[in-house]
Amino acid sequence: MRRLIKVGLTGGIATGKSTTLQRWKQAGAVGIDTDELAHQTLEPGTPTWNEIVRTFGPSILNQNQTVNRRELGQIVFGNPEKRLALNRIIHPVVHQKWIERIEQLERDDKAEVAVVSIPLLYEVGAEKHFDCVVAVGCSEQTQMARLKQKGLTETEARGRMGAQWPIQKKMDQADFVIWNDGKLEVLVEQADVIWANIKETYHAAN
């Protein structure tokens with residue numbers, strides 16, 4: 001039974017984590033996106049949905065009872081206490097989901113590498129679960145431009161950026177760093193080099 005190589009992927013908002021994860025999935029990794037898991041916790045009728053509605057009120061719901069994530073975001077990213085309250089509801093459930101997925105992969109003994117994308121990896125102390133951590137970064141100007149392209153106002157963008165550790169702090173602690181301030185090809189090239197390095201280094205350790 002070979003040991004599953006576990007890679008934590010983190011970075012600031014709009015730095016290129018999803019693109020990196022997609023590239024590594026194409027290379028053979030099993031990718032786990034905790035943003036997607038978090039969205040599952042917002043599905044109507046789930047215990048987390050019920051708790052969120054109790055905590056923040058029905059005004060955060062769309063007509064079809066789904067959570068209006070932009071409305072919820074405006075509430076929590078402007079208020080540290082409310083953001084903490086939301087994190088206390090969602091984070092334990094998301095953590096349990098990806099831990100269970102990793103454990104299932106280990107039991108199946110088919111995958112070589114699992115990459116878990118966790119935006120707040122260092123903030124929640126999840127780095128201890130991984131063989132190595134990769135941080136994706138870019139300049140604040142690039143972050144802002146990308147978030148505005150997604151339809152966020154400058155105030156909304158700064159609220160989301162301010163809710164995370166500074167990118168430099170994450171990069172300082174990571175085992176590998178991708179700097180994504182330019183063309184897609186440059187990101188892909190860095191991702192491919194790091195992927196090869198991870199496989200070589202941690203296969204040798206198996």
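Miscellaneous remarks
- Extreme residue, surrounded by the most Cβ atoms within 10 Å (Cβ to Cβ), among residues of segment 153-171 that are closer than 15 Å to Arg70 by Cα and among the basic types (Lys, Arg): Arg160
- Qualifying positions in segment 88-138 - in contact with a Ser or Thr (Cβ under 6 Å, 6 or more places away or on another chain), among the aliphatic types (A, V, I, L, M) and within 20 Å of Thr20 (Cβ to Cβ): Val94, Ile118, Leu121, Ala135, Val136
- First in segment 95-108 and on the phi < 0 side of the Ramachandran plot, second anywhere and β-branched (Val, Ile, Thr) and surrounded by 14 or more Cβ atoms within 10 Å (Cβ to Cβ), Cβ under 7 Å, 6 or more apart: Trp98/Ile32; Trp98/Thr34; Trp98/Val116; Arg101/Ile32; Leu105/Val30
- Subset of segment 56-95 [of a type in the set (A, V, I, L, M) and under 19 Å from Gly125 (Cα atoms)]: Leu84, Ala85, Leu86, Ile89, Ile90, Val93, Val94
- Entry remark, segment 125-159: residues being modelled with pLDDT under 95, in a loop (DSSP other than H, G, I, E, B) and either β-branched (Val, Ile, Thr) or more than 20 Å from Phe77 (Cβ to Cβ) (or both) number 1 in total.
- Residue selected from segment 165-192 under the condition in contact with a helix residue (DSSP H, G or I) (Cβ under 8 Å, 6 or more places away or on another chain) and in a loop (DSSP other than H, G, I, E, B), by the criterion farthest from Gly16 (Cα to Cα): Asp181
The values are calculated or read from the model by the stated rules, or taken from the named source; none is laboratory data. Here the structure is a predicted model, which is why all the values come from computation and not from measurement. Every residue, glycine as well, gets a Cβ built from its backbone with ideal geometry; the counts of neighbours run over all protein chains shown.
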